[in-house]
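Read-outs throughout are calculated quantities, based only on the coordinates presented, and are distinct from any laboratory measurement. Treat the numbers as computed from the prediction; the structure is a model and nothing was measured. Every residue, glycine as well, gets a Cβ built from its backbone with ideal geometry; the counts of neighbours run over all protein chains shown.
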């Protein structure tokens with residue numbers, strides 16, 4: 001049997017003395033659309049960052065394809081949160097997508113014709129081929145998010161980690177992003193998405209993990225998103241109970 | 001007007017009067033112009049990576065290094081003094097890194113502390129040396145506000161060489177520097193050593209403020225690193241073009257400063273360089289076609305008229 005695509009083993013992360021994630025054990029064996037769901041401050045983004053070595057872990061290990069990240073970094077694509085960069089930066093949409101090819105190019109080598117063609121194709125896949133020469137700040141939030149997705153596509157990875165790619169995004173961009181992610185899954189890639197919206201989670205993900213600093217539950221979406229599990233995850237967040245009720249109702253309606 | 005430099009008149013008697021500058025001044029101007037170009041180029045990368053203030057701390061710390069180098073060697077050769085300045089600047093940046101890592105001092109506070117403390121050391125050293133009447137120590141004050149009139153041809157060659165090397169490094173590493181400046185998280189996730197690239201960038205900035213000391217002095221040299229990039233950003237949405245424009249703006253400011261202080265030998269160069277750069281910045285902020293205040297106001301007005 002082949003090694004799991006992504007495995008967290010007993011991962012603990014603390015910022016200073018404040019623990020953010022406790023003893024996360026999570027194994028993803030197969031290509032699928034995998035949602036990481038939980039309330040604000042549950043450590044969802046931190047989990048991705050820990051997997052990518054962007055925050056130090058205080059304990060535990062993360063492996064991709066059964067090996068440490070350093071052995072398979074080229075096969076891992078990443079979409080950070082949109083708010084983490086300065087959108088007034090003097091680069092064009094096409095330039096940003098080209099950045100997905102930089103790791104493959106290595107030190108000091110500049111992108112050539114092949115990289116430019118790949119970048120154009122990736123932009124077309126997210127429906128933005130017409131704005132390649134525009135400065136990135138002149139796009140809408142949803143378009144900016146699609147640029148980040150196109151950059152990840154240009155990484156030509158086997159595992160994709162996306163941090164809130166659907167937050168604050170218009171309906172058309174949401175649909176495009178979801179279609180691209182589903183196509184990646186269908187072509188045998190693992191797509192891990194940090195997601196906060198329970199209503200859409202039930203419809204979009206094949207499998208989910210519910211996280212509230214600890215792993216509450218994980219497995220196929222239909223068996224994990226139960227009222228009991230959601231209550232344990234969102235415990236004490238009264239304003240979310242209404243949303244929770246609607247989410248569960250929606251899930252029951254869709255087959 | 002040229003009476004202060006009589007040897008010039010005979011050698012360029014046939015040239016127009018405004019060309020009648022000593023050849024020495026031309027060479028020095030070329031050296032300082034190279035510094036202006038390189039400061040604009042390196043400064044662009046530093047401003048994009050939001051590391052401009054580190055250069056200011058390095059520049060202020062350099063004064064102490066200059067004074068210590070003079071104290072240790074008893075010589076006032078530019079390479080010796082700038083070498084001391086560079087060591088002090090790197091030491092200050094090292095302290096800055098340690099302060100941030102091992103204490104919980106915030107970035108801006110840590111920078112302000114390192115800047116003011118190291119500058120205080122420098123001022124005390126220079127004042128001490130000068131007031132004791134150490135021969136030659138008076139020249140150290142020139143590193144406070146810049147003074148190009150006394151530079152030799154060899155000095156100018158040194159400044160130009162360091163500047164050219166810095167530009168080469170920046171151009172070779174432009175892809176990596178741009179990636180890290182735009183999205184350090186993505187860069188780190190895809191395997192780039194972000195911290196090492198940052199150290200290289202800050203090291204380049206330190207080198208630039210050191211060779212900028214004769215032109216603008218410890219207090220003002222940061223302007224040479226910050227103002228041209230900000231002005232250049234107004235005119236373009238591409239990093240390579242921004243580097244080029246910032247280099248040209250830095251060149252214009254540096255040449256103006258050298259020329260003006262050659263004509264009025266007692267005048268410090270730094271303020272003139274800064275004023276020239278600031279003038280170009282003001283024009284850029286007001287008039288740049290896309291981002292300038294005036295064209296934007298004009299577009300808003302015509303949009304309102306169109307709507308009415």
For this session: Taking all pairs of distinct Cα atoms, average 1/r, flip it, and tell me the Kirkwood hydrodynamic radius of the protein assembly as shown in Å to one decimal place.
Result: 26.7
Seminar exercise, completed: When B:118, B:284 are arranged by how many other beta-carbons sit within 10 Å of their Cβ, fewest first, they go B:284, B:118
For this session: Between B:23, B:240, B:271, find the one with the highest GNM mean-square fluctuation for chain B; connect C-alpha pairs within less than 10 Å.
Result: B:23
Exercise. How far is it, in nm, from the label point at residue A:71 to the one at residue B:153 when both lie 7 Å from their Cα along the line to the Cβ?
Worked result: 6.3
For this session: Can you tell me which of B:209-221, B:169-181, A:36-48, B:39-51 comes out highest on packing, and rank the rest after it, using the mean Cβ neighbours within 10 Å?
Result: B:209-221, B:39-51, A:36-48, B:169-181
Problem set entry | Centroid-to-centroid separation of segment A:115-172 and segment B:198-236 [C-alpha atoms, Å] | 34
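Taking R0 as 60 Å, what's the FRET efficiency between residue B:106 and residue B:290 from their Cβ-Cβ distance, rounded to 0.05? The partial results should precede the final answer.
On the way: r = 34 Å, r/R0 = 0.57.
The computed FRET efficiency comes out at 0.95.
Could you work out the relative contact order of chain A, using alpha carbon pairs under 8 angstrom and six or more residues apart, expressed as a whole percent? Walk me through the numbers on the way to the answer.
Details: 472 pairs, mean separation 63.9, N = 255.
Reported as a whole number, the value is 25 percent.
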Problem set entry | Label-zone membership for segment B:38-62, site residue A:84, 7 angstrom Cα→C-beta point, backbone N under 18 Å | B:49-50
Problem set entry | Value of D in µm² per second that Stokes-Einstein yields for chain B, Kirkwood Rh from Cα pairs, at 37 °C (0.692 mPa s) | 161
Seminar exercise, completed: Mean per-residue count of partner chain Cβ within 10 Å for B:189-196 equals 6
Exercise. Any idea how far the Cα center of segment B:272-308 sits from the one of segment A:192-213, in Å?
Worked result: 47
For this session: Within segment B:202-237, find all residues whose amide N lies under 20 Å from a label point positioned 7 Å from the Cα of residue B:161 along Cα-to-beta-carbon.
Result: B:204-215
Problem set entry | Per-residue average of Cβ from other chains inside 10 Å of B:175-185 | 6
Exercise. Ranked by Cβ crowding within 10 angstrom, fewest neighbours first, how are A:158, A:25, A:163 ordered?
Worked result: A:25, A:158, A:163
Exercise. Using 7 Å Cα-to-Cβ label points, what is the residue A:10/residue A:203 separation (nm, one decimal)?
Worked result: 4.2
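So, R0 is 51 Å and r is the distance between the beta-carbons of residue A:113 and residue B:80; what FRET efficiency does that work out to, to 0.05? If you can, show how the numbers build up before the last one.
Values: r = 50 Å, r/R0 = 0.98.
My answer for the efficiency is 0.55.
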Exercise. Under a GNM of chain B (C-alpha, springs under 10 Å), which listed residue has the highest mean-square fluctuation: B:205, B:230, B:95?
Worked result: B:95
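Take every residue in peptide A:78-90, count the Cβ atoms of other chains within 10 Å of its Cβ, and give the average of those counts. Present the calculation step by step, with values, prior to reporting the outcome.
Numbers: counts 6, 2, 6, 1, 0, 0, 4, 6, 5, 1, 3, 8, 14.
Mean partner shielding for this stretch: 4.
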For this session: Would you mind ranking A:73, A:110, A:151 by Cβ crowding within 10 Å, fewest neighbours first?
Result: A:110, A:73, A:151
For this session: Please give the contour-minus-distance gain from residue B:97 to residue B:301: 0.36 nm per residue of separation, less the Cα-Cα distance, rounded to one decimal in nm.
Result: 68.6 nm
Exercise. If chain A were replaced by its equivalent ellipsoid, with semi-axes equal to the square roots of 5 times the Cα gyration tensor eigenvalues, what would those be, largest first, whole Å?
Worked result: 30, 22, 17
Seminar exercise, completed: Between the alpha carbon centres of segment B:64-127 and segment A:5-53 the gap in Å comes to 43
Seminar exercise, completed: Checking B:228, B:184, B:295 against a Gaussian network model of chain B (alpha-carbon springs below 10 Å), the top fluctuating residue turns out to be B:295
